[in-house]
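Below is one structure, written out as structure tokens, with a few remarks after it.
Where a number appears in this text, it was derived from the coordinates with a stated rule and is not lab data. No experiment lies behind these values; they were computed from the predicted model shown. No Cβ is skipped: glycine too gets one built from the backbone with ideal geometry, and neighbour counts run over all protein chains shown.
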Amino acid sequence: MTAVGFFSFFSSVICLLCAVYVAVGRNLFRVAIALFCELCALASVFICLNAEYLASITFGAAVLVAVAFVAFGSFIKGNLHSPLPTTPKDGASILRSVIGAAVGIGLGGLIGAIFLTRGIGTSLDTTANSAIEVSALGDALFLEHRVLFVFIGLFALILIIGSGLLLRRPDDAE
Amino acid sequence: MRNEVFLILSSILFGIGAAAALVRASVLSMIMNIVTAFSGVILAVVVLSANSAKAGEGQLFAMTLVVMLVGVMVVGCAVAYRRYMAAGVRELDEKIELRH
């Protein structure tokens with residue numbers, strides 16, 4: 001098994017485990033962290049598929065998703081000062097924290113090492129048909145699919161306005 | 001072989017996300033599982049376009065899906081917050097009107 005194959009298999013396993021925890025977890029904040037890890041693992045899989053630009057966008061979306069769910073969870077629980085549940089530290093919880101930190105740092109280090117050794121925009125798999133470059137994506141987006149780009153912007157604008165209308169209080173509507 | 005594994009992963013992600021979104025009663029949990037299902041669809045789009053001549057357009061379509069994913073999440077969180085502020089409701093089973 002090559003290094004890229006091992007990396008893709010490892011990322012897939014992490015993605016699947018985190019997805020299962022998101023489905024069955026009870027603690028909202030841990031589930032939000034698991035969702036963040038799942039999307040980061042998905043970004044690693046995109047790197048293996050020569051979609052580095054999409055991987056960076058997915059990583060940004062992962063940060064946004066995690067922050068949004070932690071913030072909304074805090075708002076709904078009404079406890080902004082201590083969003084994480086306070087539990088007594090024992091050996092098992094410390095071991096879990098160490099393992100989680102090691103996996104996160106290891107995965108982040110792997111992604112960083114790939115970017116440093118290969119560079120953004122170059123193909124990881126030498127047998128692939130083509131290497132997607134950012135300039136080619138930009139040409140496709142702005143020259144061939146202008147309507148799609150405008151639609152995405154309008155869609156995001158409508159979402160922002162709609163979310164603001166949903167979040168206003170009753171006395172603000174008068 | 002790797003592409004087949006990724007397609008299987010995307011189908012499993014979609015199945016887990018869809019099933020959990022239907023089963024869980026909490027609004028935020030439902031939104032999180034919809035995000036999981038969406039990520040499976042995005043992975044399938046990227047895998048199917050990876051080795052084709054139109055790989056760039058497949059990634060553009062996937063970027064569109066990512067934007068829609070974030071949008072669905074934002075609106076869902078806003079609706080959940082609105083329900084909670086209206087009557088302190090966190091579950092979908094309880095009947096409540098969104099109008100104030």
- Query: Of A:Glu144, B:Glu4, how do they rank once you tally other Cβ atoms within 10 Å and put the fewest first?
  - Reply: B:Glu4, A:Glu144
- Counting only other chains, what is the mean number of Cβ atoms within 10 angstrom of the Cβ of each residue in peptide A:41-54? 5
- Taking the simple approach of a point 7 Å from Cα along Cα-to-Cβ for both A:Leu148 and B:Ala25, what is their distance in nm? 4.2 nm
- Message: Under a crude label model (7 Å from the Cα following the beta-carbon direction), how far is B:Asn3 from A:Ala156 in nanometres?
- Response: 3.1 nm
- Query: Peptide B:20-31: average number of partner chain Cβ atoms within 10 Å per residue?
  - Reply: 3
- Rounded, prolate or oblate: which one fits region B:1-54, using the alpha carbon gyration tensor with axes a ≥ b ≥ c (rounded when a/c is under 1.5, else prolate when a/b beats b/c, else oblate)? prolate
- Query: Taking the highest mean first, how do the peptides A:40-53, A:148-161 order by number of other beta carbon atoms within 10 angstrom per residue?
  - Reply: A:40-53, A:148-161
- Item | Per-residue mean of C-beta atoms belonging to partner chains within 10 Å, peptide A:149-156 | 3
- Message: Please compute the modelled spin-label separation between A:Ser56 and A:Arg168, points set 7 Å along Cα→Cβ, answer in nm with one decimal.
- Response: 3.8 nm
